[in-house]
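**Q** This structure is in structure tokens; I'll ask about it shortly.
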Amino acid sequence: MVRLMERSERLNTARRYELEENCKIAKAERPGFHMYTPIGWMNDPNGFSLYKGVFHLFFQYHPYSTHWGPMHWGHYTTGDFIRWELQPCAMAPDMEYDKDGCFSGTAIEWNGQHVLMYTSVNESQDQNGRNTVRQTQSIAFGDGVNYQKYEGNPVITADFLPTGSSPADFRDPKLWWDEKGFWSMAGCKGNDGRGQLALFHSENLTDWKFMKILDESRDEYGKMWECPDFFSLEGRQILIVSPQFMTSDGKEIHNGNNSIYFTGDYDPDSMEWKRETPHMIDFGLDFYAPQTVLHEDGRRIMIGWLQNWDNYLLPDEYLWSGMMTVPRELTLKFGRLIQNPVRELENYRKNKCCYSNYELSSPNKRIELHGVKGRCIDLTVRLTQQEFKNFSIHLAAGQKYETVIHYDKERGILTTDRSRCGMRKDLLTERRIKLEKEDLEQIQLRILLDKYSIELFVNHGKYAMSTLIYTPLSAEGIFFETDGNASLDIEKYDIVTE
Ligand code: FRU
């Protein structure tokens, strides 16, 4: 019999607060079709899971300000990944072992219960002001609305790890089960400071054993590996991690915190994991810490935090900070992870507007097409003829503002440039994708433009690029431009969720 804790006043306060404050966010200010925080601050997706036929998404949450603070777990449910229903805050940092935060983690359904595993953070200061951080792994059980922490928490501490591992950097457990029992994998740091993934096993969810270090950053792919996900897809095994402090390889990997994936093979009997060269999941400025869930219909669906730790750009007057990407269906092709927006988004398409083989042939003039404008749209552009050096699409464009998707054909480079999107203090404004030769023949760009973001999917999901734009909402123009001749197939819809 598992003994559980009662609900705390701290959690009750957060629940009251989010209800009172959420309604203060004007409808016009809310994103059109992206999940966003009910109030205050949101970062990583957590506990993305299917429980009793409903999809649950928790998230790192500080309701009381638009900046990161003592982490709670906020909570939404959804039936179709586009409309999200707010649930009461699921966890607050209300125990001694997690008083400084309920950090990221995952969830499973087990024996009719919804089981959450998360990182409990405790910090203390000695008399000289020196800080000691302890990150441990804890569990909570719930019914889809109310969650109670296990009385014997934390269930995994850094003492379980090999000698020399850091007790301060040990977080973000991925929990799953198979016929051999329960498994958990968390990021940690070895005695040389390199990122590692520690694998644990349990037969009852409460007593855990360290099994092995499953993988390491080897100083090739960043330092601490945050937020691992590990799942099979079309006969292969996929490892997703979000390494901190990567350094650019001049090609694909950018400086800073990125999310990458490895394809590979995993043998659960021997716990042997063999991986191949990693790739970026998303090339944009704003994407981190994704998690996936397996749909009953077999689809593997991923959602990521649509923001970046190193750029805090929210305009001062906003009451909320933090959005998630539109969930993406994952498939594999040529060893690459292919990402496309969930097909459910198509149910919200309205006001179709199409152009077939539109000839763009007024060099260096911005062309506006009747019916193609707006700030909540799903726009697909296919380049059927490419007699030019440069081609660009200007989005969220007004007299003063625009964000540009630019295609340099000779160099095979696709860029999102938000330098004129109107965000003050934005020093890093551009990200690129170097396309492969075989991508160039027919370029297809699908753009999900919402009030505050652009998600670009290239060539049916081979590359993705996510970017925040806090551009005034009056800038709703879309322009096309080339220095030669281009033929375009265009399909545009408004996305209307209300
Ligand atoms: C990743 C992360 C996690 C941690 C959480 C804290 O964005 O740093 O490693 O659990 O955010 O909010």
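Laboratory data are not the source of any read-out in this text; all were calculated from the coordinates shown. Remember, predicted model here, so these are calculated numbers, not experimental data. Neighbour counts run over all protein chains shown; Cβ positions are idealised from the backbone, glycine included.
**Q** Across 20 Å bins from 0, what is the distribution of all Cα-Cα pair distances for the chain, in whole percents?
**A** 23, 56, 20, 1
**Q** Out of every Cα pair in region 110-236, what percent are spaced more than 25 Å from each other?
**A** Details: 2274 of 8001 pairs.
Across region 110-236, Cα pairs with separations above 25 Å total 28 percent.
**Q** Rounded to the nearest 500, what is the 222 nm mean residue ellipticity of the chain from helices alone, with -39500 (n - 2.57) per DSSP H run of 4+ residues and division by all residues?
**A** -1000 deg cm²/dmol
**Q** With r as the distance between the Cβ atoms of residue 349 and residue 24 and R0 = 30 Å, compute the FRET efficiency 1/(1 + (r/R0)^6) and round to 0.05.
**A** In this case the efficiency is close to 0.50.
**Q** Take residue 151 and residue 415, extend 7 Å from each Cα along the Cα→Cβ direction, and tell me the distance between the two endpoints in nm.
**A** It is 6.3 nm.
**Q** What is the Cα centroid distance between region 151-192 and region 447-479, reported in whole angstrom?
**A** Here the answer is 38 Å between Cα centres.
**Q** Starting from the Cα-Cα distance between residue 234 and residue 168, subtract it from 0.36 nm times their residue separation and give me the gain in nm to one decimal.
**A** Full extension from residue 234 to residue 168 adds 20.1 nm.
**Q** For region 344-423 and region 18-66, what is the separation of their C-alpha centers, rounded to whole Å?
**A** Answer, in whole Å: 30.
**Q** Separate question: For region 307-362, what's the radius of gyration and Dmax over Cα atoms, in angstrom?
**A** Rg, Dmax (Cα atoms, Å): 18.2, 46.
**Q** Explain nothing, just the number: dipole magnitude of region 324-383 about its Cα centre with +1 on each Lys and Arg Cβ and -1 on each Asp and Glu Cβ, in debye rounded to the nearest 20.
**A** Here region 324-383 has a charge dipole of around 80 debye.
**Q** Can you put 211, 324 in order, fewest other beta carbons within 10 Å first?
**A** Going from least to most buried by this count: 211, 324.
**Q** Can I ask one more? Could you work out how far apart the two model spin labels at residue 317 and residue 110 are, taking each label as a point 7 Å from the Cα in the direction of the beta carbon, and quote it in nm?
**A** It works out to 4.9 nm between the two label points.
**Q** If you don't mind, there's one more thing I want to ask. Based on the alpha carbon coordinates of region 160-310, what radius of gyration and maximum Cα-Cα distance (Dmax) apply, in Å?
**A** Cα only, region 160-310: 15.2, 46 Å (Rg, Dmax).
**Q** Right, here's the next one. Can you figure out the FRET efficiency of residue 356 with residue 248, using R₀ = 60 Å and their beta-carbon distance, to the nearest 0.05? Display every interim value, and only then the final one.
**A** Values: r = 40 Å, r/R0 = 0.67.
The calculated FRET efficiency here is 0.90.
**Q** Long-range amide H contacts for residue 257: which residues qualify at under 5 Å (H placed 1.01 Å from N, peptide plane, sequence gap of 5 or more or a different chain)?
**A** Here the answer is 245, 246, since their amide H atoms fall under 5 Å of that of residue 257.
**Q** Sticking with this structure for a sec: Could you give each residue of region 139-154 its phi-based ³J(HN,Hα) in whole Hz, using Karplus coefficients 6.51, -1.76, 1.60 with θ = phi - 60°, and x for Gly or Pro?
**A** Calculated HN-Hα couplings, in order: 10, 9, 10, x, 10, x, 10, 10, 10, 10, 6, 5, 5, x, 5, x Hz.
**Q** Right, next: Quote to one decimal, in nm, the extra length available between residue 425 and residue 275 on full extension: 0.36 nm per residue of separation minus the C-alpha distance between them. Walk me through the numbers before you get to the answer.
**A** Numbers: separation 150, 0.36 × 150 = 54.00 nm, distance 3.93 nm.
Contour length minus the Cα-Cα distance gives 50.1 nm.
**Q** Between residue 220 and residue 123, 0.36 nm times their residue separation minus their Cα-Cα distance comes to what?
**A** On the way: separation 97, 0.36 × 97 = 34.92 nm, distance 3.03 nm.
Residue separation times 0.36 nm, minus the Cα-Cα distance, leaves 31.9 nm.
**Q** Tabulate in residue order the Karplus-calculated ³J(HN,Hα) for region 321-331, using 6.51 cos²θ - 1.76 cosθ + 1.60 with θ = phi - 60°, rounded to whole Hz; enter x for Gly and Pro.
**A** 9, x, 9, 9, 5, 5, x, 10, 7, 9, 9
**Q** Follow-up. Please determine, in degrees from 0 to 90 and to the nearest 10, the orientation of helix 9-22 with respect to the longest principal axis defined by the Cα atoms of the chain, where the helix direction is its Cα long axis.
**A** 20 degrees
**Q** In what order do 231, 33, 283 fall by count of nearby beta-carbon atoms within 10 Å, going from fewest to most?
**A** The most exposed by this proxy come first: 231, 33, 283.
**Q** Going 7 Å from the Cα of residue 296 in the Cα-to-Cβ direction, what parts of region 317-355 have a backbone nitrogen less than 19 Å from that spot?
**A** 343-345
**Q** Mind listing the long-range amide H neighbours of residue 82? Cut-off is under 5 Å, sequence gap 5 or more, other chains count too, H placed in the peptide plane at 1.01 Å from N.
**A** Those lying under 5 Å, H to H, from residue 82: there are none.
**Q** Further, regarding this structure: Taking other Cβ within 10 Å of each residue's Cβ, how do 89, 102, 376, 353 sort, fewest first?
**A** The most exposed by this proxy come first: 353, 376, 89, 102.
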